[in-house]
1. What is the residue count in region 178-188 for residues that are under 18 Å from Asp135 (Cβ atoms) and either crowded, with 24+ Cβ neighbours inside 10 Å or within 25 Å of the chain's Cα centre (by Cα) (or both)?
2. Among the residues of region 177-230, how many are over 16 Å from Phe142 (Cα atoms), of a type in the set (Val, Ile, Thr) and touching a Ser or Thr at 6+ places or on another chain (Cβ under 7 Å)?
3. Counting only residues that are in a helix (DSSP H, G or I) and either more than 27 Å from Gly150 (Cα to Cα) or at pLDDT below 90 (or both), how many does region 121-135 have?
4. Being surrounded by 22 or more Cβ atoms within 10 Å (Cβ to Cβ), of a type in the set (Asp, Glu) and more than 19 Å from the chain's Cα centre (by Cα) is the filter here, so list the residues in region 127-172 that pass it.
5. Does Gly191 qualify as being touching a helix residue (DSSP H, G or I) at 6+ places or on another chain (Cβ under 8 Å) and surrounded by fewer than 19 Cβ atoms within 10 Å (Cβ to Cβ)?
6. Looking at (1) within 21 Å of the chain's Cα centre (by Cα); (2) under 27 Å from Leu401 (Cα atoms); (3) not polar (S, T, N, Q), find the lone condition where Val111 falls short.
7. Would it be correct to say that Ser440 is touching an Asp or Glu at 6+ places or on another chain (Cβ under 9 Å), closer than 28 Å to Arg313 by Cα and surrounded by fewer than 22 Cβ atoms within 10 Å (Cβ to Cβ)?
8. Exactly one condition in (1) over 21 Å from Ser75 (Cβ atoms); (2) touching an Asp or Glu at 6+ places or on another chain (Cβ under 8 Å) is false for Pro412; which is it?
Amino acid sequence: MNNKYDPVTGKVIPVFFHYAIPSVIGILAATSAGVIDGIFIGNFVGATALAAVNISMPAFALFAAVVFMLAVGGSVMCGKFIGESDLHSASSIFSKTVYITLALALIISLVFLLFMDQLVSMLGANEELHGLVSDYMTIIVFAAPLLILGLTLDYFVRVDGRPMLASASLVAFAVINISLDYLLIVRLGWGIKGAAWATAIAECSIFFILLSHWFSARCNLKLIPFLECHRDGWSAVLRAAYNGFSEFANEMSIGLITLLFNWVMISRLGVEGVAAFTIISYLLYIGLEVCYGISESLQPTVSKNLGARQPERIVQFMRTAVLSCCVIGLLVSGLFLFFPEALISIFLREGEVRTVEIALTFIALFWPAFLFNGMNITLASYFTALHKPLQSATIAISRSLVLPALGLLFLPFWFGDNGVYMAIPLTEAVTFVVAIILVSRNRPSNLI
């Protein structure tokens, strides 16, 4: 890597944006593909199909949770080893993470396929949605192992000094997904199955693009044979998983809260309510994924400086990331406040009046969440990079499970349907206070 972009020796601001900008571009590209997927489904298949996609999301959270627990925890440990110039240990944790992640992905996929009908029913699909959800999930699950491997490689490619390649894979995913959406949904009329095939094929492309890094002269990480890894033992993977547990808890919590939201919305407002929540989720991803991209830049930068014992630089990287997310939050909140009708109309064809009404009410009470959620995500990632999983998990679980669940249980008693929409903004505000307290009590200079 060019020395001016070395996380340990380069200037903080250029180094931060060297990692953050490609990460944001890649994640935005992938997110935009998902959002455009929703636009195609909403406009050419209908609000019912849009609701079916959202019903399936909690199940996919399990795949994401496995990736983030092992890949984030493993890549942070790998970055620390690279900062210490211990490339053998870095390659070892990389190899073990790949083997374990693949095994878990195959097991989960097999279980999902064997018990698909029961799973769809557990997710809350009614008779109107059951067939659509089953069709969509079956196709996605077949491709899931390659997607899991691709996303795992993404984290290690970044920590190995090639953030541009990692981002290029996500951009390629977006281009392929959008192109196939048009072909399969609009031109061939395959409906929700077309959306699923477009996503599945595009997801596989991530793996094949990132695999090229291991045939490059710039690659520092080597894939150690499985038997050699087995002889060394798997305790390092357990430590990595423990460090990445907050990411696992966060993704599983998001899945559970999405499931709870779907149950509440379908029982109180019907399929139109779930469709409205789906639209809000798509809009939420746009702002939120930018902050995830920013937070990901902390993992190689902070972990390498932790290995190099540079506490002042760690604090500078953290402050830059938090300030960046604060600015993003203000911009997204402004869009939600001043252009809600325009945002909602993108996803629906004419005639979906009830869904539009629910979504407008949702947005009017939901927008303050963006003032805090990006900073909460960044501070959780910051603690993971510092190898402080308990603090990271506290932030993650507070914002994605405990507080939202309490809000959904109690706020509707006091505010009716509006209480459902208020749960997330109040959650993010309280979590931010908790995060600031944890930061003040865990200074890098004391940890090092």
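1. Looking only at that region, the number is 3.
2. 2
3. Selection size over region 121-135: 9.
4. Answer for region 127-172, where residues must be surrounded by 22 or more Cβ atoms within 10 Å (Cβ to Cβ), of a type in the set (Asp, Glu) and more than 19 Å from the chain's Cα centre (by Cα): just Asp160.
5. yes
6. (1)
7. Spelling it out, it is not the case that Ser440 is touching an Asp or Glu at 6+ places or on another chain (Cβ under 9 Å), closer than 28 Å to Arg313 by Cα and surrounded by fewer than 22 Cβ atoms within 10 Å (Cβ to Cβ).
8. All conditions are met except number (2).
The values are calculated or read from the model by the stated rules, or taken from the named source; none is laboratory data. These numbers come from a predicted model, not from an experiment. Counting neighbours? That spans all protein chains shown, and the Cβs are built from the backbone with ideal geometry, glycine included.
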